[in-house]
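Asker: For reference, the structure I am asking about is given below.
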Amino acid sequence: MELRDRETEGHSERVTELTLKVAKKLGIEGEALVHIRRGALLHDIGKLAIPDSILLKPGPLNAEEWEMMKKHPVYAYELLSRIEYLKPALDIPYYHHERWDGSGYPKGLRGEEIPLPARIFSVVDVYDALTSDRPYRKAWTNEEAIKYIKDESGRLFDPKVVKAFLEVLREEEIS
């Protein structure tokens with residue numbers, strides 16, 4: 001994905017490592033971490049099916065372009081579900097844009113209907129996106145991004161996951 005979209009260079013590795021730390025903080029262990037790692041690394045593979053004119057657009061997407069972009073989790077599912085050993089890793093690529101209040105996509109799942117790996121990943125993914133420069137905006141500070149995550153806890157994000165995420169960030173700051 002990064003060969004096609006240089007703006008997100010390093011994103012997959014950063015979000016994968018932080019997602020694994022939050023998952024461990026929430027008590028996930030063993031083989032489940034392998035599937036989370038794979039899912040996190042492959043989370044945006046569906047964007048390969050998105051035209052460059054949309055994927056690489058330097059400004060905001062119009063309504064039609066946004067509808068096309070919102071299909072990338074479905075494309076990821078269609079691609080990865082054919083690979084038997086990746087089926088347990090599909091939660092993140094397929095559901096990472098679902099939101100705690102049901103306002104996400106592609107299924108409009110809410111609360112604990114959203115698989116835990118996707119709930120974890122969505123917090124980390126948004127944090128990393130906000131704290132990274134994009135063609136259409138400068139990166140937010142860590143403080144601004146953390147405030148946003150806290151403010152959206154219970155609406156966009158699982159409060160239990162936000163709590164664990166913030167604990168991991170505090171521990172990272174110390175070490």
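Every read-out reported here was derived from the displayed coordinates using simple, explicitly stated rules and does not represent laboratory data. Just so we're clear, the structure is a prediction, and the values are computed from it rather than from any experiment. Here the Cβ is made from the backbone with ideal geometry for all residues, glycine too, and neighbour counts use every protein chain on show.
Asker: Could you sort the peptides 65-73, 40-48, 119-127 by per-residue average Cβ neighbour count (10 Å cutoff), highest mean leading?
Answerer: Packing proxy ranking, top to bottom: 119-127, 40-48, 65-73.
Asker: Which lysines, if any, have their Cα less than 24 Å from the Cα of K138, not counting same-chain residues under 8 positions apart?
Answerer: Counting by Cα, and skipping residues close in sequence, K138 has these lysines nearby: K47, K57, K70, K147, K150.
Asker: Using amide H atoms built 1.01 Å from N in the peptide plane, name the residues 5+ places from G104, or on other chains, whose amide H lies under 5 Å from its own.
Answerer: R99
Asker: With viscosity set to 0.692 mPa s and temperature to 37 °C, compute the Stokes-Einstein D of the chain, Rh being the Kirkwood radius across alpha carbon pairs; µm²/s, no decimals.
Answerer: Numbers: Rh = 16.4 Å.
Reported coefficient: 200 µm²/s.
Asker: List the residues, sorted by chain then number, that are 5 or more residues from F157 or on another chain and whose placed amide H is less than 5 Å from its amide H.
Answerer: Those lying under 5 Å, H to H, from F157 are W100.
Asker: Determine the shape class of segment 41-123: with a ≥ b ≥ c the square roots of the Cα gyration tensor eigenvalues, call it rounded for a/c under 1.5, and otherwise prolate if a/b is greater than b/c, oblate otherwise.
Answerer: oblate
Asker: Looking at the chain, do any whole DSSP H helices span at least 18 angstrom along their long axis by alpha carbon and average 1.0 or above on Kyte-Doolittle, and which?
Answerer: 116-130
Asker: Something else: May I ask for the Kirkwood hydrodynamic radius of segment 120-175, worked out over all distinct Cα pairs and given in angstroms to one decimal?
Answerer: Values: mean 1/r = 0.0862 Å⁻¹.
That comes to 11.6 Å for segment 120-175.
Asker: Still on this structure, I have one more. Which whole-number percent gives the relative contact order of the chain, counting Cα pairs below 8 Å spaced six or more residues apart?
Answerer: 22 percent
Asker: Can you list residues whose amide H is under 5 Å from W140's amide H, if they're 5+ apart or on another chain and H is modeled 1.01 Å from N?
Answerer: When sequence neighbours closer than 5 places are left aside, the close amide H contacts are T131, S132.
Asker: Let me check I have the definition right: for segment 71-168, take the eigenvalues of the Cα gyration tensor, multiply each by 5, take square roots. What are those semi-axes in whole Å, largest first?
Answerer: 24, 16, 12
Asker: Tell me, what ³J(HN,Hα) does each residue in segment 43-60 have, in order and in whole Hz, if you take phi through Karplus 6.51 cos²θ - 1.76 cosθ + 1.60 with θ = phi - 60° and put x for Gly and Pro?
Answerer: Each residue of segment 43-60 in turn: 4, 10, 4, x, 5, 4, 8, 8, x, 4, 4, 9, 4, 9, 4, x, x, x Hz.
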